[in-house]
Amino acid sequence: QRLNGGGGELSRVARVDLSGLIPARNARIRVACDVVNPLLGSTGAAAVYGPQKGATPEMVIALEQGLSAFYVRLDAEINNASAQPGLAVLERGASVRDAIETPGSGAAGGIGAMLSVLYGATLVSGAKLTLELVGFQTALRGATLLITGEGRMDGQTSNGKAPYVAALIARESGARCIGVCGQTGAGSETLIPQPFDSIHSLLDIAESESDAINNPAKYLKELDRKSVV
């Protein structure tokens, strides 16, 4: 009996059907994760990113319980399906518990964990990988200042997000780093003085949130005129 979609249904899973799984065929997979959060726990996918997407405290508890229950069922299915092709986790001797505690396993709602469990994928920092591929360190050579940012800078920024990783690399090269964002949130103060020298929000000078969203260029220029850097 198939369940409806949605995280709230995960607690009702009786078994996981892996019969349609595409074999790994000795492929080596790297997953570029945007955050380093594990799947479960106080820093996991549900607890940290559920509220960001509109989940209430009650929903977060249900999502957490659902994810935990689902992986208990998945673990049982893997243990009962040693002949299943494609289960790279069996070939590598990894456990479901190890996979879901790996940094990045909570990325994208748990896709990191699933690829790690079923295909033995290696989870890597997406920001580091992307910056490496575009030659960021080479471009930074000789620079004395990096200006970077995102829509909202808060405590979650340090979970491996691109501006944070870029700032760390800039610091290692001896450059100062300024953060510019639409707005700041709880925990943004922990990003100063390392790796950011300072962080500036458009909401600090805009008339309202909608004003900042509709006129970002205007307020970026104003920040520049005020010589925030």
Check: Expressed as a whole percentage, what fraction of the accessible surface of the chain belongs to carbon and sulfur atoms when a 1.4 Å probe is rolled over the protein heavy atoms?
Finding: 52
Notebook entry, point to check: Once you list every other residue whose beta carbon is under 11 Å from the beta carbon of MET153, what net charge do they have if Lys and Arg are +1 and Asp and Glu are -1?
Noted result: -1
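Excluding PRO193 itself, calculate the net charge of residues whose Cβ lies under 12 Å from the Cβ of PRO193, where each Lys or Arg counts +1 and each Asp or Glu counts -1.
Around PRO193, the surrounding residues sum to 0.
Less than 14 Å Cβ to Cβ from ILE169, Lys/Arg counted +1 and Asp/Glu -1: what total charge do the surrounding residues give?
Local net charge: +3.
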Next item on the list: For every helix of n ≥ 4 consecutive DSSP H residues, a contribution of -39,500 (n - 2.57) applies; sum these over the chain, divide by its total residues, and give [θ] at 222 nm rounded to the nearest 500 deg cm²/dmol.
Entry: -10500 deg cm²/dmol
Check: Where a Cα-Cα gap under 16 Å defines reach, which aspartates and glutamates qualify for LYS218, not counting those fewer than 8 residues away within the same chain?
Finding: ASP204, GLU207, GLU209
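Can you tell me the equivalent ellipsoid semi-axes for the range 2-145? Use √(5λ) from the Cα gyration tensor, largest first, whole Å.
30, 22, 11
Pop the C-beta distance of GLN65 and SER208 into the FRET formula with R0 = 30 Å and round what comes out to the nearest 0.05.
Plugging the Cβ-Cβ distance into 1/(1 + (r/R0)^6) gives 0.15.
The values are calculated or read from the model by the stated rules, or taken from the named source; none is laboratory data. Predicted model only: the values in this text are computed from it and were never measured. Neighbour counts run over all protein chains shown; Cβ positions are idealised from the backbone, glycine included. Please note that ligands, DNA and RNA were not included when accessible areas were found on the heavy atoms of the full protein model with its side chains. Shrake-Rupley method; radii C 1.70, N 1.55, O 1.52, S 1.80 Å.
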